[in-house]
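Worksheet: the structure to be examined is printed underneath.
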Amino acid sequence: MKRQEILVVVLVLSATLVAGHEGSQANSAGTSAPVQKTVAAAEGPAAPLTQDEIKALIEKASGNDLANDKIQRDYTYKQREEEQDLNGKGEVKSTHSTTSEVLMLYGSEVDRVIAKDDKALSAKDAAKEDKRIQKIIDEREHESDSQRKKRLEKEEKDQEESRQWVREIKDAYNFTSAGVENVDGREAYVIDGTPRPGFQPHLKYANYLSKFRFRAWIDKQDVQLAKLDAECIDNVSWGLFVFRLHKGAHFLFEQTRINNEVWLPKYMGAHIDGRFALLKHFNVEDDTTYSDYEKFRTDTKILGMAPVKP
C-alpha cells in the first residue's frame, strides 16, 4: 500500500484500479457506502489562512506523512477491497471482494489473501497462498546484502518522488481556505485546491494535475491529512490509445489516528468511468477499508514478531 501526498493519491489510485480491473474482473462483496460524487461544501467560518500559510501547512503534512510511513512498518493490518461493476445506467452488475492481511517481511509490505467475497479461502487456495508467502520469505532470507540494499533503496526513491510531487502540487494549484470542520471528533482545516492557469510541470505525469480539483482536511493539532476528496474535471488520457479516464471520476481518501502515535489509512474509495484502448468501456466503484491495526516489535530481519498492546 502506498499513501501519496494530496493529489498524488488520486493518480496512483486510478492507475492501480485500472490495472486491477483489466487483469481480473473481480474484487468485492456486500454493499459499500457510496462514494460522494461531488466535492462537498465546507461548513463553518473560514479560517484566515493565506496562500503561503496553506502551502506551509501542506509541506508540513507531507513531512508528517513520510514519518507515518516509517512507523507503519511496525504494524500489520487487514484491508478489504470491494469492486462493483456498473452498467450504463449506473446499476450494479456484479460485486466482488478480496480481504488480505498486510505483513511486513524484511522491510517491505506483503499482502496475504485470506478471503474472497467474504468467505475464507478453501484449504487448497489457502495452502497456495501460504506457499507463495513462504517463497517470498525464503527469497528475502537468502538475498545478499547488496540485493536487500537495492530493494530498500528503491523504496526510499519512491518516497523521494513523493516529496517532489508535493512541491509540484504546491505550484499546480491555487488554494482557498474554506474554514474549519470536525472530522472524527477533531478539528481540521479545510483547504480547496483548483488548477492554476499557466502551471508548467517538471515531473512526468504532473501535467495531469490540472485535470483534478480537490478538497483536503488537515488535522489542526497533528497537521496530518485526515481526508481528501478529489474530482476529475476533464478527461485524462494515458498513452495514445491505452486508457482514458472520463470527466467526473471521483476519489475519496480518509486516515485515522492509531495508538496516539501515527495516522494510517481508514478508507479509500473511487468511482471510475473510462475506456481501455478507446474501445472497452468500464464503470467501476471500488472501496477499500483498512482495519485491525496491530503493532509488533520485530528483530533485525523483520520476522520474529511479538505483539505490543496499544
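Gln84 fails exactly one of the following numbered conditions: (1) of a type outside the set (Ser, Thr, Tyr); (2) modelled with pLDDT under 85; (3) out of contact with any Leu (no Cβ under 8 Å at 6 or more places or on another chain). What is the number of that condition?
Of the numbered conditions (1) of a type outside the set (Ser, Thr, Tyr); (2) modelled with pLDDT under 85; (3) out of contact with any Leu (no Cβ under 8 Å at 6 or more places or on another chain), the odd one out for Gln84 is (2).
For region 230-249, give me each residue that is surrounded by fewer than 21 Cβ atoms within 10 Å (Cβ to Cβ) and assigned to a strand (DSSP E or B).
The answer is Ser237, Trp238, Phe243, Arg244.
Here is a list: Thr50, Thr38. Which entry is hydroxyl-bearing (Ser, Thr, Tyr), modelled with pLDDT under 85 and farther than 30 Å from Leu105 by Cα?
One residue alone meets the criteria, Thr38.
Go through region 74-102 and give me each residue that's outside any strand (DSSP E or B) and closer than 21 Å to Pro265 by Cβ.
Answer for region 74-102, where residues must be outside any strand (DSSP E or B) and closer than 21 Å to Pro265 by Cβ: just Asp74.
Given the criterion at pLDDT below 90 and in contact with a strand residue (DSSP E or B) (Cβ under 7 Å, 6 or more places away or on another chain), identify the matching residue among Leu66, Leu103.
Within the list Leu66, Leu103, the selection yields Leu103.
Can you tell me which of (1) of a type outside the set (Asp, Glu); (2) touching a helix residue (DSSP H, G or I) at 6+ places or on another chain (Cβ under 7 Å); (3) at pLDDT 85 or above; (4) surrounded by fewer than 19 Cβ atoms within 10 Å (Cβ to Cβ) is the one Phe276 doesn't meet?
Checking Phe276 against (1) of a type outside the set (Asp, Glu); (2) touching a helix residue (DSSP H, G or I) at 6+ places or on another chain (Cβ under 7 Å); (3) at pLDDT 85 or above; (4) surrounded by fewer than 19 Cβ atoms within 10 Å (Cβ to Cβ), the one that fails is (3).
Hey, can you tell me all the residues within region 93-127 that are surrounded by fewer than 17 Cβ atoms within 10 Å (Cβ to Cβ) and among the small types (Gly, Ala, Ser)?
Hits for region 93-127 are Ser94, Gly107, Ser108, Ala120, Ser122, Ala123, Ala126, Ala127.
Inside region 111-125, can you point out the residues that are part of a strand (DSSP E or B), farther than 21 Å from Val284 by Cα and in contact with an Asp or Glu (Cβ under 9 Å, 6 or more places away or on another chain)?
Asp111, Arg112, Val113, Ile114 - these are the residues of region 111-125 that are part of a strand (DSSP E or B), farther than 21 Å from Val284 by Cα and in contact with an Asp or Glu (Cβ under 9 Å, 6 or more places away or on another chain).
Where the second residue is assigned to a helix (DSSP H, G or I) and the first is under 16 Å from Glu109 (Cα atoms) and lies in region 142-154, which pairs have Cβ atoms under 9 Å and are six or more apart or on separate chains?
Note: pairs meeting the criteria are Arg148/Arg140; Arg151/Arg140.
Considering only region 157-203, how many residues are among the β-branched types (Val, Ile, Thr), under 20 Å from the mean Cα position of the chain (by Cα) and either part of a helix (DSSP H, G or I) or over 15 Å from Gln51 (Cα atoms) (or both)?
Residues that pass the stated criteria total 3.
Which residue out of Val223, Val236, Val166 is closer than 24 Å to Asp273 by Cα and of a type in the set (A, V, I, L, M, F, W, C)?
Only one candidate passes the filter, namely Val236.
The values are calculated or read from the model by the stated rules, or taken from the named source; none is laboratory data. What you are looking at is a predicted structure, and each value in this text was computed from that prediction instead of being measured. Please note: Cβ atoms are built from the backbone with ideal geometry, for glycine as well, and neighbour counts cover all protein chains shown.
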